[in-house]
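This report refers to the structure that appears directly beneath it.
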Amino acid sequence: MALSLDLAGETKRALVPSRAAQPEKPSLIGLTRAEMAEALTASGIVPERQAKMRVQQLWHWLYVRGVSDFGQMFNISKDLRAALARAFTVARPEIGEEQISGDGTRKWLFRFPARGAGRPVEIETVYIPEEGRGTLCISSQVGCTLTCSFCHTGTQKLVRNLTAEEILSQLLAARDRLGDFPDRDTPDGAIVPSEGRKVSNIVMMGMGEPLYNFEAVKKALLIASDGDGLSLSKRRITLSTSGVVPEIARTGEEIGVMLAISLHATNDDLRDLLVPINRKYPLKELMAACRAYPGLSNARRITFEYVMLKDVNDSLDDARALVALLKGIPAKINLIPFNPWPGTNYQCSDWETIERFADYINNAGYASPIRTPRGRDILAACGQLKSESERLKKHERLALEAMMIAGHGEA
Ligand code: SAH
Ligand code: SF4
């Protein structure tokens, strides 16, 4: 993933029993209602007149109850359950590895079998818990076609786009592991309300450029926010893009989630180097698309991500230029301490430089671009953890925390 966290050796590793899906069967996860109805009737298992009702039942089992086995769908007859299980799967990906940091951060390696979309893939998904909420960082592609010069993912070729099933399953599997779905005997009325959930927010900030996999991302996010299913508020879902301008309006109109822009530079010369897609869609076009983003208001702001690179984009002049560039756009600024990786030529800005930059931005009226004082307390606490306590390195913790802020829609 972009914010690659090498937790190895600093975390508890748990090998999780595998419940691998049958590769040859199509999955019902990630289909729209119409697609699911079509799949059920085309299989000959469900008559057309029953399709709508069956989809409704399955939708509830899959997305409200979080069931991953047809055998548990008790209001569906045994014979029908068996027939469905012969034709389809609703299984989770295999969990290759689960790492749990001392501060509760979790990283999973999910393995998806080959299912139509080509070769099997492995994906990392990260969960960051916080007081009263938790953010899941989801991937949209394996690798990336773009080559942002400070991003580790940018050095890896695109392996393939993830399917809607694979994108959505990162959320389902994380909720399984966190105990976020109701127990089998919980009555329907007692199902966890969205406020009490472990995964309260999601950010499309893992591996890949989500707007280069628009249809699959759209399907997965519409299912994640569907009111009769997973019911995650669109205000709590943030899609981050490097600036695929032609897809930005559609993101607002067709998906309706919060938008984050990986800005990182305030002039075309520098942004061409850091985020090369800028050569295709320069700042002027990007800013125009942001100003026109559907539903924008002071309560629904765009988050501008800005990675702090030592002596590259971290001067007070840069801070001034940033404030000038965003003038008139309802915006939040998210300063991300650079997370170094082996082979990179960049360094993270000094902490004092980040604070000076943040202060300038705060004074210009942008709230808490890095951690709030409460967050700093947590950071301090994290820094105080002792030897066996699997703490993250400081820069990793900062990068994670900055990323979480980006994912915090209001409610
Ligand atoms: N491709 C999308 C979403 C994934 S990257 C995008 O570029 O927006 C999520 C965020 O992490 C982006 O803002 C990206 O610029 C940032 N990022 C990538 N590598 C990073 C690194 N090494 N340190 C800090 N932030 C990084
Ligand atoms: Fe990394 Fe750039 Fe791809 Fe985002 S668009 S994942 S920052 S290479």
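The values are calculated or read from the model by the stated rules, or taken from the named source; none is laboratory data. Everything numeric here is computed off the predicted structure, so don't read it as measured data. Cβ placement follows ideal geometry from the backbone for every residue including glycine, while neighbour counts extend to all protein chains displayed. Remember, those area values only see protein heavy atoms, side chains included, never the ligands or the DNA or RNA. Shrake-Rupley method; radii C 1.70, N 1.55, O 1.52, S 1.80 Å.
Taking square-rooted eigenvalues a ≥ b ≥ c of the alpha carbon gyration tensor, is the stretch 68-159 rounded, prolate or oblate, where a/c under 1.5 means rounded and, failing that, a/b exceeding b/c means prolate? Oblate shape, in that a/c is at least 1.5 and b/c is the bigger or equal ratio. Let me make sure I get this right: for the stretch 264-331, a, b and c are the square roots of the gyration tensor eigenvalues over alpha carbons, sorted descending. Under 1.5 in a/c it's rounded, otherwise prolate if a/b > b/c, else oblate. Which is it? Oblate is the answer for the stretch 264-331, as a/c is 1.5 or above yet b/c matches or exceeds a/b.
Taking amide H as placed 1.01 Å from N in the peptide plane, the amide H of L232 sits under 5 Å from that of S225, D226, each at least 5 places away or on another chain. For the stretch 19-87, the solvent-accessible area with a 1.4 angstrom probe is 52 square angstrom per residue. Debye sum, Cα scatterers, the stretch 117-248, no solvent: what log₁₀ I/I(0) at q = 0.21 1/Å? Computed log10 I(q)/I(0) values: -1.28. Counting Lys and Arg as +1 and Asp and Glu as -1 over every other residue whose Cβ lies under 14 Å from the Cβ of M287, the net charge comes to +2. With K and R counted +1 and D and E -1, the other residues having a Cβ less than 14 Å from that of G365 yield a net charge of +3.
Computed about its Cα centre, the charge dipole of the stretch 74-187 is approximately 540 debye, with only Lys, Arg, Asp and Glu carrying charge at their Cβ. With R₀ fixed at 25 Å, the C-beta to C-beta distance from K327 to T147 puts the FRET efficiency at about 0.25.
Under the shape rule built on the C-alpha gyration tensor, where the axes satisfy a ≥ b ≥ c, the stretch 19-87 is rounded, since a/c falls short of 1.5. Just so you know, the Rg over Rh for the stretch 207-346 is 0.98, from Cα atoms, with Rh as the Kirkwood radius.
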